[in-house]
Amino acid sequence: MTAESPVLAALAGLGLGLSLIIAIGAQNAFVLRQGLRRERVLLVVVICALSDLVLIVAGTAGAGALFSLVPWLVDVVRWVGFVFLLVYGALAARRAWRPATLEAADAPRAPASALAVAGTTLALTWLNPHVYLDTVVLLGSVASTHGAARWWFAAGAGLGSVLWFSALGAGARLLAPVFARPVAWRVLDAIIAVVMVVIAVSLVLPVLLSH
């Protein structure tokens, strides 16, 4: 059997990684908002990218089997993530509902602390079971089919995460003129609130329907 080309494996990983990550979700919505506010963007991008890299490596190394052996871990993450996303969604809805709390993208204000931003980023990343399913389970499973080239596949998937989060965080400033108006922030926060609630419900709906 001919060994697979590392380049082809890396391109396959890049394609699958991007297809999984480029979607409206809790993590992407937060990165977009921080990019628009120009607040701790590098910190957010680094945390998101490194988290994905860690999970992709874990999945490629075979850690996905852990969720099969200890299924209750998924349930723990599922319900904690459900509560967190509902709270975050409620805060976004409150910002959209009360114009007085809104600020234009270039308005002077005290930025959130690095610790607070890092905590929110980590929570939105690690308390979402979909992240584990996409990176550890799905990417890990597909990587295993590439045999000796599986780490090239993982490298491609990891590159996709780095490129996407960097582009999302840095590219958001191109939309700054639009978000110079408070009404634009109201619309964005309303969308974020809906996304958070929908994702929260989608986490627990399968469990509720199975009972």
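What the table shows:
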quantity	calculated
Residue satisfying condition, being closer than 19 Å to residue 86 by Cβ and hydroxyl-bearing (Ser, Thr, Tyr), within set 135, 121, 145	121
Residues within region 164-182 that are free of Cβ contacts under 8 Å to residues at least 12 places away in the same chain and either in a helix (DSSP H, G or I) or in contact with a Pro (Cβ under 8 Å, 6 or more places away or on another chain) (or both), tallied	3
Residue 203 vs. criteria surrounded by 14 or more Cβ atoms within 10 Å (Cβ to Cβ), within 17 Å of the chain's Cα centre (by Cα) and at pLDDT 85 or above	no
Number of positions in region 123-154 that are over 17 Å from the mean Cα position of the chain (by Cα) and either surrounded by 17 or more Cβ atoms within 10 Å (Cβ to Cβ) or at pLDDT 80 or above (or both)	11
Selection status of residue 81, at pLDDT below 85, in a helix (DSSP H, G or I) and more than 26 Å from residue 158 (Cα to Cα)	no
Pairs with Cβ under 6 Å, 6+ apart, first in region 199-211 and under 14 Å from residue 87 (Cα atoms) and of a type in the set (Gly, Ala, Ser), second modelled with pLDDT of 75 or more and surrounded by 11 or more Cβ atoms within 10 Å (Cβ to Cβ)	200/82; 200/85; 200/86
Search result, residues across region 125-162 that are free of Cβ contacts under 8 Å to residues at least 60 places away in the same chain and assigned to a helix (DSSP H, G or I)	133
Hits in region 45-64 (condition: outside any helix (DSSP H, G or I) and surrounded by 18 or more Cβ atoms within 10 Å (Cβ to Cβ))	64
Top-ranked residue of region 111-122 - restricted to ones that are hydrophobic (A, V, I, L, M, F, W, C) and at pLDDT 80 or above, ranked as surrounded by the most Cβ atoms within 10 Å (Cβ to Cβ)	117
Residue check, residue 188 modelled with pLDDT under 85 and either farther than 22 Å from residue 15 by Cβ or crowded, with 21+ Cβ neighbours inside 10 Å (or both)	yes
Among the residues listed as 93, 105, the single one being surrounded by 16 or more Cβ atoms within 10 Å (Cβ to Cβ), more than 18 Å from the chain's Cα centre (by Cα), of a type in the set (A, V, I, L, M, F, W, C) and at pLDDT 85 or above	93
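The values are calculated or read from the model by the stated rules, or taken from the named source; none is laboratory data. This structure is a prediction, so every number in the text was calculated from the model and none was measured. So basically every Cβ, Gly included, is an ideal-geometry build from the backbone, and we count neighbours across all protein chains shown.
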